[in-house]
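J.: Dropping the structure in here first, questions after.
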Amino acid sequence: MGLVLGETVEGSSADRGEGFRVLVREQLPRLYSLARRLVGDEAEDAVQDCLLKAYERFHQLQQAAAAPAWMTSILVNCCRDRGRANARRPREVDFDELERFSLYRKIAYEDPFPYSDSLHLDFLAEFGPEDLRAVLLQLPPLYRIPLVLVYMDGYLAKEVANMLDAPVGTVLARLHRGRKLFERQLWDYAEENGLLREASR
Amino acid sequence: MISCAEATRQLWEYLDATIDVAARDAIEAHLARCRRCCGELEFAKELRRFLASSARDEAPDDVLRRMDQTLEELEP
């Protein structure tokens with residue numbers, strides 16, 4: 001059944017099965033890539049969850065053109081559910097102290113690369129893709145998911161709010177706290193993993 | 001004028017344009033007179049670029065094959 005984006009999703013159950021495959025197959029690389037950012041090594045399982053849920057609810061999809069956003073929303077919720085189920089007890093966080101934390105000032109004060117004339121950029125340059133993923137995965141999913149969706153994948157806060165069925169104000173508050181946690185985690189990770197040694201450069 | 005703490009607390013919201021006009025004007029008035037907070041602003045922009053430009057993981061062939069198999073096995 002040559003279902004084309006923009007057509008209405010309808011037809012017999014056999015057609016629907018094939019229609020679902022046509023719509024979803026081309027999105028698998030994108031969905032996997034997003035899931036890697038959201039749940040790391042559980043990405044494949046999250047996408048598998050997403051495929052089964054999406055197929056169950058395929059009748060709810062009105063327009064084929066809406067399929068990418070619809071699949072993304074289902075995937076994000078599958079990732080959130082996995083994050084909830086596997087969440088480790090979060091480290092105690094003093095949010096007042098966190099609010100006062102500034103990575104910019106911390107780098108300037110600690111001056112990890114005394115011979116650098118672009119200290120802050122050199123700090124960020126120490127982080128490879130694996131380091132960044134590790135930092136993000138150390139954040140509680142409550143904060144990690146909006147942070148990834150908005151600042152790495154370019155969604156608007158209101159789109160994320162729709163995906164998560166949460167008020168926009170809640171998403172904005174989580175983004176604020178998530179950014180602060182991210183900044184502090186960047187510093188802690190750099191310290192714990194030897195990225196601040198001049199010799200590592 | 002708002003304090004440095006108040007200005008830096010809202011820098012990302014300022015860049016995201018998710019604050020109201022009065023808050024935006026207060027931050028801009030502060031930035032016009034505070035060099036350190038301009039440094040904070042530039043670093044916030046760098047951090048955003050750092051996140052936005054990070055490489056995507058491509059799905060390995062075996063993972064794509066397994067996901068494709070799941071699709072094929074869905075009951076009509």
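Nothing in this text is a laboratory measurement; each read-out follows from the coordinates by a stated rule. Values in this document were obtained by computation on a predicted structure and should not be read as measured data. All Cβ positions, glycine included, derive from the backbone under ideal geometry; neighbour counts span all protein chains shown.
J.: Considering each residue of segment A:40-88, count those that are crowded, with 20+ Cβ neighbours inside 10 Å and polar (S, T, N, Q), and give that number.
T.: 1
J.: To continue, here is another question. Could you please give the count of residues in segment A:138-160 that are in a helix (DSSP H, G or I) and farther than 19 Å from A:L31 by Cα? Steps first, please.
T.: So in segment A:138-160, the residues in a helix (DSSP H, G or I) come out as A:141-152, A:157-160.
If we keep only those that are farther than 19 Å from A:L31 by Cα as well, we get A:142-143, A:157-158.
Number satisfying all stated conditions: 4.
J.: Name the residues in segment A:138-152 that are within 8 Å of the chain's Cα centre (by Cα), touching a residue at least 60 places away in the same chain (Cβ under 8 Å) and more than 8 Å from chain B (Cβ to nearest Cβ), would you?
T.: A:R144, A:I145, A:V148, A:L149
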